[in-house]
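Asks: My structure is below; once you've seen it, I'll send some questions.
The values are calculated or read from the model by the stated rules, or taken from the named source; none is laboratory data. Small disclaimer: the values here were computed from a predicted structure and weren't measured. Positions of Cβ are backbone-derived with ideal geometry, glycine not excepted, and every protein chain shown enters the neighbour counts. Note: areas computed on protein heavy atoms with side chains; ligands, DNA, RNA excluded. Shrake-Rupley method; radii C 1.70, N 1.55, O 1.52, S 1.80 Å.
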Amino acid sequence: MLDDAQSLARALKRRDPDLLDRLIEQYQFRLFRYLLHLTGNPQTAEDFFQETWLRVLERGHQYDGRWKFEAWLFAIARNLVLDWHRRRKPQSLESLAGPDEDATPFDVADERSESPLEQVLHAEVRTGVQLSLQRVPAIYREVLVLRFQEEMQLDEIAGVTGAPISTVKSRLYRGLDALKSAMQGGAA
Amino acid sequence: MNGDVHERAARLLAERRVVTLAREDEQWLATHLADCAGCSAEDVRVAEALSALRAMQISVPRNLAGRTQLRVRLRAEELREHAPANRLVWAVAVMSWIFGLASAPLVWRGFEWLGGELHLPKLVWATGVVLWWAVPALVATGIVLFGHQGRTSAE
(Lines give C-alpha, C1' and ligand atoms only; values in the text may rest on other atoms or scores of the structure.)
Protein backbone atom coordinates (compact mmCIF):
# COMPACT_ATOMS: atom_id res chain seq x y z
CA MET A 1 0.00 0.00 0.00
CA LEU A 2 2.80 2.35 1.00
CA ASP A 3 4.65 1.73 -2.27
CA ASP A 4 1.43 2.37 -4.17
CA ALA A 5 0.88 5.57 -2.25
CA GLN A 6 4.47 6.65 -2.88
CA SER A 7 4.23 6.04 -6.62
CA LEU A 8 0.88 7.83 -6.62
CA ALA A 9 2.52 10.76 -4.84
CA ARG A 10 5.28 10.88 -7.46
CA ALA A 11 2.76 10.79 -10.32
CA LEU A 12 0.66 13.52 -8.69
CA LYS A 13 3.77 15.68 -8.43
CA ARG A 14 4.22 15.25 -12.19
CA ARG A 15 0.52 16.13 -12.72
CA ASP A 16 0.21 13.03 -14.84
CA PRO A 17 -3.09 13.59 -16.76
CA ASP A 18 -3.72 9.89 -17.39
CA LEU A 19 -3.37 9.10 -13.72
CA LEU A 20 -5.80 11.89 -12.84
CA ASP A 21 -8.29 10.55 -15.38
CA ARG A 22 -8.07 7.13 -13.76
CA LEU A 23 -8.44 8.52 -10.24
CA ILE A 24 -11.47 10.61 -11.19
CA GLU A 25 -13.06 7.53 -12.70
CA GLN A 26 -12.14 5.35 -9.73
CA TYR A 27 -13.33 7.69 -6.97
CA GLN A 28 -16.27 9.35 -8.69
CA PHE A 29 -18.93 7.42 -6.83
CA ARG A 30 -17.41 7.57 -3.35
CA LEU A 31 -16.36 11.21 -3.55
CA PHE A 32 -19.68 12.32 -4.96
CA ARG A 33 -21.56 10.35 -2.29
CA TYR A 34 -19.45 11.92 0.45
CA LEU A 35 -20.00 15.42 -0.96
CA LEU A 36 -23.69 14.74 -1.23
CA HIS A 37 -23.74 13.84 2.45
CA LEU A 38 -21.86 17.02 3.31
CA THR A 39 -23.85 19.41 1.15
CA GLY A 40 -27.21 17.65 0.85
CA ASN A 41 -27.56 19.02 -2.68
CA PRO A 42 -26.59 17.18 -5.91
CA GLN A 43 -25.74 20.34 -7.88
CA THR A 44 -23.55 21.72 -5.11
CA ALA A 45 -21.95 18.32 -4.64
CA GLU A 46 -21.15 18.23 -8.36
CA ASP A 47 -19.52 21.66 -8.23
CA PHE A 48 -17.40 20.60 -5.28
CA PHE A 49 -16.55 17.34 -7.00
CA GLN A 50 -14.97 19.25 -9.87
CA GLU A 51 -13.32 21.78 -7.58
CA THR A 52 -11.82 18.97 -5.52
CA TRP A 53 -10.12 17.43 -8.55
CA LEU A 54 -8.82 20.81 -9.70
CA ARG A 55 -7.34 21.19 -6.23
CA VAL A 56 -5.82 17.71 -6.48
CA LEU A 57 -4.19 18.77 -9.73
CA GLU A 58 -2.85 22.01 -8.30
CA ARG A 59 -1.79 20.69 -4.89
CA GLY A 60 -0.81 17.19 -5.91
CA HIS A 61 2.76 17.89 -4.83
CA GLN A 62 1.52 18.17 -1.24
CA TYR A 63 0.43 14.52 -1.11
CA ASP A 64 3.34 12.67 0.46
CA GLY A 65 1.95 9.14 0.37
CA ARG A 66 1.90 8.72 4.15
CA TRP A 67 -1.90 8.69 4.15
CA LYS A 68 -4.20 6.67 2.02
CA PHE A 69 -5.05 8.71 -1.05
CA GLU A 70 -8.78 8.69 -0.34
CA ALA A 71 -8.26 10.20 3.11
CA TRP A 72 -6.28 13.06 1.54
CA LEU A 73 -8.87 13.43 -1.23
CA PHE A 74 -11.77 13.55 1.22
CA ALA A 75 -9.90 16.05 3.39
CA ILE A 76 -9.55 18.37 0.38
CA ALA A 77 -13.24 18.00 -0.45
CA ARG A 78 -14.22 18.65 3.15
CA ASN A 79 -12.08 21.78 3.41
CA LEU A 80 -13.59 23.19 0.23
CA VAL A 81 -17.11 22.64 1.60
CA LEU A 82 -16.16 24.18 4.95
CA ASP A 83 -14.66 27.25 3.23
CA TRP A 84 -17.85 27.62 1.25
CA HIS A 85 -19.95 27.37 4.42
CA ARG A 86 -17.75 29.92 6.16
CA ARG A 87 -18.09 32.31 3.24
CA ARG A 88 -21.86 31.94 3.29
CA LYS A 89 -22.14 32.12 7.07
CA PRO A 90 -19.40 32.37 9.67
CA GLN A 91 -19.79 28.81 10.91
CA SER A 92 -18.13 25.43 10.67
CA LEU A 93 -19.45 21.95 10.05
CA GLU A 94 -19.60 21.49 13.82
CA SER A 95 -22.35 24.07 14.07
CA LEU A 96 -24.50 22.67 11.30
CA ALA A 97 -27.46 21.26 13.14
CA GLY A 98 -28.77 19.16 10.30
CA PRO A 99 -30.31 19.26 6.86
CA ASP A 100 -32.98 21.63 5.64
CA GLU A 101 -36.50 20.77 6.66
CA ASP A 102 -37.52 20.22 3.07
CA ALA A 103 -34.46 18.19 2.15
CA THR A 104 -35.24 14.99 0.33
CA PRO A 105 -33.18 11.82 0.52
CA PHE A 106 -30.90 11.00 -2.38
CA ASP A 107 -32.08 9.02 -5.36
CA VAL A 108 -31.55 5.37 -4.75
CA ALA A 109 -30.19 3.38 -7.65
CA ASP A 110 -29.57 -0.23 -6.76
CA GLU A 111 -28.48 -2.45 -9.57
CA ARG A 112 -28.10 -5.76 -7.72
CA SER A 113 -30.38 -8.56 -8.76
CA GLU A 114 -33.09 -9.09 -6.14
CA SER A 115 -36.59 -10.42 -6.21
CA PRO A 116 -39.26 -7.70 -6.46
CA LEU A 117 -40.25 -8.29 -2.82
CA GLU A 118 -36.63 -8.07 -1.65
CA GLN A 119 -36.19 -4.93 -3.68
CA VAL A 120 -39.19 -3.31 -2.01
CA LEU A 121 -38.10 -4.37 1.48
CA HIS A 122 -34.49 -3.33 0.99
CA ALA A 123 -35.53 -0.05 -0.60
CA GLU A 124 -37.72 0.64 2.44
CA VAL A 125 -34.84 -0.03 4.82
CA ARG A 126 -32.47 2.10 2.77
CA THR A 127 -34.93 4.94 2.47
CA GLY A 128 -35.56 4.69 6.20
CA VAL A 129 -31.83 4.84 6.90
CA GLN A 130 -31.40 7.78 4.55
CA LEU A 131 -34.20 9.68 6.23
CA SER A 132 -32.81 8.84 9.66
CA LEU A 133 -29.33 9.86 8.60
CA GLN A 134 -30.67 13.19 7.38
CA ARG A 135 -31.91 13.83 10.92
CA VAL A 136 -28.48 13.17 12.44
CA PRO A 137 -26.53 16.43 13.00
CA ALA A 138 -23.96 16.99 10.24
CA ILE A 139 -20.98 16.71 12.54
CA TYR A 140 -21.98 13.18 13.55
CA ARG A 141 -23.37 12.21 10.17
CA GLU A 142 -19.99 12.89 8.62
CA VAL A 143 -18.06 10.46 10.85
CA LEU A 144 -20.78 7.82 10.51
CA VAL A 145 -20.48 8.03 6.75
CA LEU A 146 -16.67 7.91 6.81
CA ARG A 147 -16.62 4.98 9.20
CA PHE A 148 -19.50 2.81 8.10
CA GLN A 149 -19.89 3.75 4.45
CA GLU A 150 -16.33 4.53 3.44
CA GLU A 151 -14.98 2.03 5.98
CA MET A 152 -12.14 4.30 7.03
CA GLN A 153 -9.96 3.62 10.06
CA LEU A 154 -10.17 5.97 13.02
CA ASP A 155 -6.81 7.59 12.23
CA GLU A 156 -7.89 8.18 8.64
CA ILE A 157 -11.11 9.83 9.79
CA ALA A 158 -9.04 11.93 12.17
CA GLY A 159 -6.90 12.92 9.19
CA VAL A 160 -9.90 13.88 7.07
CA THR A 161 -11.69 15.83 9.78
CA GLY A 162 -8.60 17.29 11.43
CA ALA A 163 -9.89 16.13 14.82
CA PRO A 164 -8.03 14.00 17.38
CA ILE A 165 -8.87 10.28 17.44
CA SER A 166 -10.55 10.64 20.83
CA THR A 167 -12.90 13.26 19.36
CA VAL A 168 -13.61 11.03 16.37
CA LYS A 169 -14.53 8.18 18.72
CA SER A 170 -16.81 10.32 20.80
CA ARG A 171 -18.50 11.70 17.66
CA LEU A 172 -19.02 8.15 16.46
CA TYR A 173 -20.65 7.12 19.75
CA ARG A 174 -22.88 10.16 19.69
CA GLY A 175 -23.60 9.65 16.01
CA LEU A 176 -24.69 6.07 16.62
CA ASP A 177 -26.86 7.27 19.44
CA ALA A 178 -28.37 10.00 17.27
CA LEU A 179 -28.97 7.52 14.45
CA LYS A 180 -30.75 5.17 16.84
CA SER A 181 -32.92 8.00 18.13
CA ALA A 182 -33.65 9.17 14.59
CA MET A 183 -34.67 5.65 13.60
CA GLN A 184 -36.93 5.39 16.63
CA GLY A 185 -38.41 8.78 15.75
CA GLY A 186 -38.99 7.64 12.18
CA ALA A 187 -40.59 4.41 13.28
CA ALA A 188 -42.93 6.16 15.71
CA MET B 1 -29.77 -1.18 38.72
CA ASN B 2 -31.50 -3.02 35.88
CA GLY B 3 -31.40 0.17 33.83
CA ASP B 4 -27.65 0.41 34.45
CA VAL B 5 -27.21 -3.03 32.89
CA HIS B 6 -29.02 -2.01 29.70
CA GLU B 7 -27.14 1.28 29.61
CA ARG B 8 -23.88 -0.59 29.90
CA ALA B 9 -24.98 -2.92 27.12
CA ALA B 10 -25.92 0.05 24.88
CA ARG B 11 -22.57 1.70 25.58
CA LEU B 12 -20.63 -1.47 24.83
CA LEU B 13 -22.62 -2.10 21.67
CA ALA B 14 -21.68 1.36 20.40
CA GLU B 15 -18.05 0.88 21.46
CA ARG B 16 -17.89 -2.48 19.73
CA ARG B 17 -18.66 -0.80 16.42
CA VAL B 18 -15.81 1.65 16.87
CA VAL B 19 -13.04 -0.18 18.77
CA THR B 20 -12.21 -3.71 19.88
CA LEU B 21 -13.74 -4.49 23.27
CA ALA B 22 -11.80 -5.99 26.16
CA ARG B 23 -12.39 -9.74 26.39
CA GLU B 24 -14.35 -9.52 29.65
CA ASP B 25 -16.59 -6.78 28.23
CA GLU B 26 -17.13 -8.84 25.10
CA GLN B 27 -18.10 -11.86 27.18
CA TRP B 28 -20.36 -9.85 29.42
CA LEU B 29 -22.09 -8.34 26.39
CA ALA B 30 -22.58 -11.73 24.71
CA THR B 31 -24.16 -13.12 27.87
CA HIS B 32 -26.38 -10.07 28.24
CA LEU B 33 -27.52 -10.16 24.60
CA ALA B 34 -28.36 -13.85 24.94
CA ASP B 35 -30.62 -13.02 27.89
CA CYS B 36 -32.05 -9.65 26.87
CA ALA B 37 -34.37 -9.64 23.87
CA GLY B 38 -34.68 -5.84 23.93
CA CYS B 39 -30.94 -5.12 23.70
CA SER B 40 -30.47 -7.92 21.21
CA ALA B 41 -33.21 -6.52 18.94
CA GLU B 42 -31.67 -3.05 19.26
CA ASP B 43 -28.31 -4.45 18.20
CA VAL B 44 -29.84 -6.15 15.16
CA ARG B 45 -31.70 -2.97 14.19
CA VAL B 46 -28.57 -0.81 14.29
CA ALA B 47 -26.58 -3.50 12.46
CA GLU B 48 -29.22 -3.55 9.71
CA ALA B 49 -29.20 0.22 9.49
CA LEU B 50 -25.41 0.31 9.17
CA SER B 51 -25.50 -2.45 6.62
CA ALA B 52 -28.08 -0.47 4.64
CA LEU B 53 -25.84 2.59 4.96
CA ARG B 54 -22.94 0.58 3.52
CA ALA B 55 -25.05 -0.65 0.63
CA MET B 56 -26.58 2.76 -0.06
CA GLN B 57 -26.35 3.64 -3.72
CA ILE B 58 -26.79 7.09 -5.17
CA SER B 59 -27.13 8.18 -8.75
CA VAL B 60 -24.07 10.03 -9.97
CA PRO B 61 -24.86 12.81 -12.48
CA ARG B 62 -24.45 11.70 -16.06
CA ASN B 63 -20.91 12.04 -17.42
CA LEU B 64 -19.67 13.61 -14.18
CA ALA B 65 -16.27 11.94 -14.56
CA GLY B 66 -15.97 12.96 -18.22
CA ARG B 67 -16.79 16.59 -17.56
CA THR B 68 -14.41 16.69 -14.61
CA GLN B 69 -11.63 15.06 -16.61
CA LEU B 70 -12.05 17.70 -19.32
CA ARG B 71 -11.89 20.56 -16.80
CA VAL B 72 -8.84 19.06 -15.11
CA ARG B 73 -7.04 18.61 -18.43
CA LEU B 74 -7.79 22.21 -19.46
CA ARG B 75 -6.51 23.48 -16.13
CA ALA B 76 -3.40 21.31 -16.42
CA GLU B 77 -2.78 22.83 -19.85
CA GLU B 78 -3.16 26.30 -18.38
CA LEU B 79 -0.74 25.51 -15.58
CA ARG B 80 1.79 24.19 -18.08
CA GLU B 81 1.47 27.40 -20.12
CA HIS B 82 2.04 29.55 -17.05
CA ALA B 83 4.97 27.48 -15.81
CA PRO B 84 7.69 29.18 -17.97
CA ALA B 85 6.41 32.65 -17.01
CA ASN B 86 6.45 31.69 -13.33
CA ARG B 87 9.98 30.33 -13.66
CA LEU B 88 11.05 33.57 -15.29
CA VAL B 89 9.55 35.62 -12.44
CA TRP B 90 11.45 33.48 -9.92
CA ALA B 91 14.69 33.74 -11.88
CA VAL B 92 14.37 37.53 -12.07
CA ALA B 93 13.61 37.67 -8.34
CA VAL B 94 16.67 35.59 -7.50
CA MET B 95 18.94 37.67 -9.75
CA SER B 96 17.54 40.85 -8.28
CA TRP B 97 18.35 39.64 -4.76
CA ILE B 98 21.89 38.70 -5.76
CA PHE B 99 22.55 42.06 -7.42
CA GLY B 100 20.81 43.84 -4.56
CA LEU B 101 23.02 42.22 -1.94
CA ALA B 102 26.16 42.71 -4.00
CA SER B 103 25.44 46.39 -4.59
CA ALA B 104 24.25 47.16 -1.04
CA PRO B 105 27.56 48.71 0.15
CA LEU B 106 27.73 50.92 -2.96
CA VAL B 107 24.12 52.03 -2.55
CA TRP B 108 24.76 52.82 1.12
CA ARG B 109 27.84 54.89 0.25
CA GLY B 110 26.00 56.60 -2.58
CA PHE B 111 23.14 57.66 -0.31
CA GLU B 112 25.64 58.67 2.40
CA TRP B 113 27.46 60.90 -0.08
CA LEU B 114 24.20 62.39 -1.39
CA GLY B 115 22.99 62.99 2.19
CA GLY B 116 26.29 64.74 2.96
CA GLU B 117 26.09 66.92 -0.17
CA LEU B 118 22.51 67.94 0.60
CA HIS B 119 23.19 68.27 4.37
CA LEU B 120 20.43 65.77 5.20
CA PRO B 121 20.18 64.07 8.58
CA LYS B 122 21.30 60.40 8.61
CA LEU B 123 17.72 59.23 9.34
CA VAL B 124 16.49 60.71 6.04
CA TRP B 125 19.12 59.23 3.71
CA ALA B 126 19.03 55.88 5.59
CA THR B 127 15.25 55.82 5.01
CA GLY B 128 16.06 56.46 1.35
CA VAL B 129 18.23 53.32 1.31
CA VAL B 130 15.41 51.27 2.84
CA LEU B 131 12.89 52.60 0.30
CA TRP B 132 15.35 51.92 -2.52
CA TRP B 133 15.24 48.29 -1.41
CA ALA B 134 11.60 47.94 -0.39
CA VAL B 135 9.61 49.83 -3.04
CA PRO B 136 10.48 47.67 -6.10
CA ALA B 137 9.85 44.48 -4.08
CA LEU B 138 6.49 45.79 -2.83
CA VAL B 139 5.43 46.83 -6.34
CA ALA B 140 6.47 43.44 -7.77
CA THR B 141 4.61 41.59 -4.98
CA GLY B 142 1.52 43.69 -5.63
CA ILE B 143 1.64 42.93 -9.36
CA VAL B 144 2.07 39.20 -8.76
CA LEU B 145 -0.71 39.07 -6.13
CA PHE B 146 -3.20 41.11 -8.15
CA GLY B 147 -2.37 39.11 -11.25
CA HIS B 148 -3.02 35.86 -9.38
CA GLN B 149 -6.23 37.21 -7.84
CA GLY B 150 -7.42 38.32 -11.27
CA ARG B 151 -6.76 34.87 -12.74
CA THR B 152 -8.51 33.15 -9.81
CA SER B 153 -11.64 35.30 -10.01
CA ALA B 154 -11.75 34.93 -13.80
CA GLU B 155 -11.97 31.15 -13.29
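Asks: From the list B:Arg109, B:Arg73, exactly one residue is within 11 Å of another protein chain (Cβ to nearest Cβ), open to solvent by 70 Å² or more (accessible area, probe 1.4 Å), of a type in the set (Lys, Arg) and more than 30 Å from A:Met183 (Cα to Cα). Which is it? If you could, list the steps in order and put the result at the bottom.
Replies: On the way: B:Arg109 fails: within 11 Å of another protein chain (Cβ to nearest Cβ).
The match here is B:Arg73.
Each row is one residue, and each column tells you yes or no for (1) of a type in the set (A, V, I, L, M, F, W, C); (2) away from every other protein chain (no Cβ under 12 Å).
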| position | (1), (2) |
| --- | --- |
| A:Arg141 | no, no |
| A:Leu144 | yes, no |
| A:Glu156 | no, yes |
| A:Gly159 | no, yes |
| A:Val168 | yes, no |
| A:Gly175 | no, no |
| A:Ala182 | yes, no |
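Asks: Looking at B:Val124, is it at pLDDT below 90, of a type in the set (Val, Ile, Thr) and more than 27 Å from A:Glu25 (Cβ to Cβ)?
Replies: No, not satisfied.
Asks: If you don't mind, another one. Please work out which one of (1) open to solvent by less than 30 Å² (accessible area, probe 1.4 Å); (2) modelled with pLDDT of 80 or more is the condition A:Gln130 fails and give its number.
Replies: Condition (2) is where A:Gln130 drops out.
Asks: Can you name every residue in the range B:1-47 that is under 37 Å from the mean Cα position of the chain (by Cα) and either at the interface with chain A (Cβ under 10 Å from one of its Cβ atoms) or open to solvent by less than 80 Å² (accessible area, probe 1.4 Å) (or both)?
Replies: Residues satisfying the conditions are B:Arg11, B:Leu12, B:Leu13, B:Ala14, B:Glu15, B:Arg17, B:Val18, B:Val19, B:Leu21, B:Val46, B:Ala47.
Asks: Which condition from (1) within 13 Å of chain A (Cβ to nearest Cβ); (2) modelled with pLDDT of 90 or more is the one that B:Leu79 breaks?
Replies: Exception for B:Leu79: condition (2).
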